[in-house]
Every structure is written in C-alpha cells, then in structure tokens.
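Asker: For reference, the structure I am asking about is given below.
Laboratory data are not the source of any read-out in this text; all were calculated from the coordinates shown. Only a predicted model underlies this, so the values are computations on that prediction, with no experimental measurement involved. Here the Cβ is made from the backbone with ideal geometry for all residues, glycine too, and neighbour counts use every protein chain on show.
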Amino acid sequence: MEIRTLRYFLAAAREENMTRAAQQLHVTQPTLSKSLRALEEELGKKLFRRHSFSISLTQEGILLRDRAEDLLSMADKIEKEFLAMDDITGGELYLGLAESYQIRCLAREIRRLKQRYPGLRYHITSGDTEQVTEKLDKGLLDFAVLCDAPDPRKYRFLEFPEGDVWGVIMKREDPLAKKESICVEDLAGLPLLTSAQGWEGDIRRWAGERSGALRLEGSFRLAYNASLFVKEGLGYQLSFAKLVDTGEDSGLVFRPLSPRLETRLYLIWNRYQAFTPIAERFLAQVREGFGAGAGFP
C-alpha cells in the first residue's frame, strides 16, 4: 500500500466525485480509478459505493479513511522532520493543547524561541486529555498539555507554574451573581454545563458525597460555545476562570467555587520519545521559563 495511493483515496473520499478528485490531484480520471480499484483488490474489500454522478464510502472505506488520515499525517510529519534536520533557523513543532488560560505561558516561550529561531513553525491541535494523548501516543504530536496528572510510567512532564481556578459563569442579573463564591448547595438541581472530563473528574471530587445533588444539563468541549448557551438561559457553566469574556459588556459574570477548586496543568511528552532539534530547543526553552519563572506572573 503506497502513500500516493492513500492520498488518492482520501481525495476521492473527500470530494465524493472521481472527476473533481482527479482534477485536484492533477491526474487523469482513468489513472485515479485504476489506483482505487487496485487498492480495493489489495485489501479485499469494497471501499466505495459508485452512483451515477457521485461516490460514497462503505463501512470499510470509512475505517480506511480514519486510518489513512493518521498515516498520512505521520508521513508528512516525518518528511518535515528530516527536512528540518539541517535547518538551524527553525523547524516544525506539533502541540496538542487543553483549553486553559495558562496556555499563554506556553505562547510566551514559543515567542522567545521564535526570536532565536525565526524559521520555527508550530501546529496546534486543541482537545481534551483523551484526544491529545491519543495523537501523542501515535507520534503525531511532539508535546501535549493536559489538565490531568499524567501517567509517569508513560510520560515525562513539566508542571505549569500556576493552576486554573474553577468557577460558575452565569448571567449578570442572576440572583446567584450577588454571591462572592458558589458552593454545592447553591448549584443543587440547577442545569449545569461543563466538559465531560471536568464533570467526571474535578467536579465530582469537589462535590464529594454531595455530587448526586448536581445535574449535568449538557457537556461541551469548548468553553466559548457553552457560554453562548448560558447567555440563552439554558444553564450555568462550570469552567476555568478567564476562558470566557465576563467583562462589563458581556452580560456574564464569573464566581469561584467554594471550597476553592484548582486544576494543575502539565506539559507532557512520551518517555522514550526521539526529539527533532527544534523540539529539543523548545523543551529547553520551556524548562528555562518554568524553572526561572520568567514571564509567568
């Protein structure tokens, strides 16, 4: 199975039309059709349903599409890494990031690194712990940032200088907004909006034996999207501070949880990872910044 054939397959799957896919790939339609039929014969499975003016993936085709995307991402990453071996001015850096205001600390270190290596290019993937660790484990990322304590058997890590403080985001006119902090009893029975990871982890630990009084209305991966539901009166958002605009004109307020709930952030990498030169420089830069506290208020 050739990389080129997988690129042909993904183009056809994306366009759902052989003519458009061939034009995009700058090959003839017969060449594309022949390559895809050869791929089906090699795998012993039908990958496409062919219609009068379009094509669609079979279940086997959907499986191959998911695998092929990872394989091609890895192939592209390897190619760029080897091209960057002799690039003393920069290189490619791949990061998977949790949603946190503390990411600003990482951005500051990347800015400092880019001043020394102007050819640095960085690629950011956002997601929760499950999403970014899956890509890290597959070798698609150099580093990931988690809101969960990492497994030291699998990963090496650095802890961010600060933690993220949990609180409730609500409408400014809500009666609860008059309180300085919010406890479990205040939230009992109310429709709550938060991430599935936060709900099953930090929030349950915070509420303890009283967690049964809390009701999850909806789960979100992105804090901004959840805040729009708050504005429409659909619930109360449990989130880190400073992820959502709660300024005077926003119509929203943030109140911290009581007792205080704080989540630590970690930069992680695989324990036996082989770094590119720019990844090594990045890690050295972050170690220096984290250790010295430079740039971290």
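Asker: I need the P(r) histogram for the range 3-78: all alpha carbon pairs, bin width 5 Å from 0 out to the longest distance, whole percents.
Answerer: Here the calculated profile for the range 3-78 is 3, 17, 28, 28, 18, 6, 1, 0.
Asker: Where does the chain land at 222 nm, in deg cm²/dmol rounded to the nearest 500, when only DSSP H runs of n ≥ 4 count, each adding -39500 (n - 2.57), divided by all residues? Working shown, then result.
Answerer: Details: 10 runs with 118 residues, N = 297.
When only DSSP H runs of four or more count, the value is -12500 deg cm²/dmol.
Asker: In degrees from 0 to 90, rounded to the nearest 10, what is the angle of the helix 103-116 Cα long axis to the longest principal axis of the chain?
Answerer: In the chain, helix 103-116 runs at an angle near 50 degrees to the longest axis.
Asker: Set the Förster distance to 22 Å, then compute FRET efficiency between Glu217 and Thr125 from the Cβ-Cβ distance, nearest 0.05.
Answerer: 0.20
Asker: What does DSSP give for the chain in terms of the percent of beta bridges that are antiparallel, rounded to the nearest 5?
Answerer: On the way: 23 of 41 bridges.
Roughly 55 percent of the beta bridges in the chain run antiparallel, per DSSP.
Asker: When the Karplus curve 6.51 cos²θ - 1.76 cosθ + 1.60 is applied with θ = phi - 60°, which whole-Hz ³J(HN,Hα) does each residue of the range 174-180 get, with x for Gly and Pro?
Answerer: 5, x, 5, 5, 6, 7, 7
Asker: Further question: Taking the Cα centre of the chain as origin and charging only Cβ (+1 Lys, Arg; -1 Asp, Glu), how large is the dipole, in debye to the nearest 20? Please list the in-between numbers first.
Answerer: Numbers: 43 positive and 44 negative charges, 85 e Å.
The calculation lands at about 400 debye.
Asker: Could you list, bin by bin from short to long, the percent of Cα-Cα pairs of the chain in 5 Å steps?
Answerer: 1, 5, 10, 12, 12, 11, 11, 11, 10, 8, 5, 3, 1, 0
Asker: What is the spin-label model distance, in nm, from Lys46 to Arg172 if the labels are put 7 Å beyond Cα along the C-beta direction?
Answerer: Going from the Lys46 label point to the Arg172 one covers 6.1 nm.
Asker: Something else now. Collect residues whose amide H, placed 1.01 Å from N in the peptide plane, falls under 5 Å from the amide H of Thr125; neighbours closer than 5 in sequence don't count.
Answerer: Leu95, Gly96, Leu97
Asker: Then there is this: Check the chain and count each lysine pair with an alpha-carbon distance under 20 angstrom, considering only pairs eight or more places apart or from different chains.
Answerer: So the count works out to 18.
Asker: Using Cβ counts within 10 Å as a stand-in for footprinting exposure, how do Ile268, Ile55 rank, fewest first?
Answerer: Values: Ile268 25, Ile55 18.
Fewest-to-most Cβ neighbours within 10 Å comes out as Ile55, Ile268.
Asker: Moving on to the next point. Under a crude label model (7 Å from the Cα following the beta-carbon direction), how far is Ser33 from Arg204 in nanometres?
Answerer: 5.5 nm
Asker: Using only Cα atoms, locate the centre of the range 132-209 and the centre of the range 1-77, then give the distance between them in Å, rounded to an integer.
Answerer: For the range 132-209 versus the range 1-77, the Cα centre distance is 40 Å.
Asker: Something else about it: With labels modelled as points extended 7 Å from the Cα through the Cβ direction, what inter-label distance (nm, one decimal) is found for Asn17 paired with Thr58?
Answerer: Calculated label separation equals 2.5 nm.
Asker: Scan around Leu190 for amide H atoms under 5 Å from its own, H built in the peptide plane at 1.01 Å from N, and keep only partners 5 or more places away or cross-chain.
Answerer: Arg215
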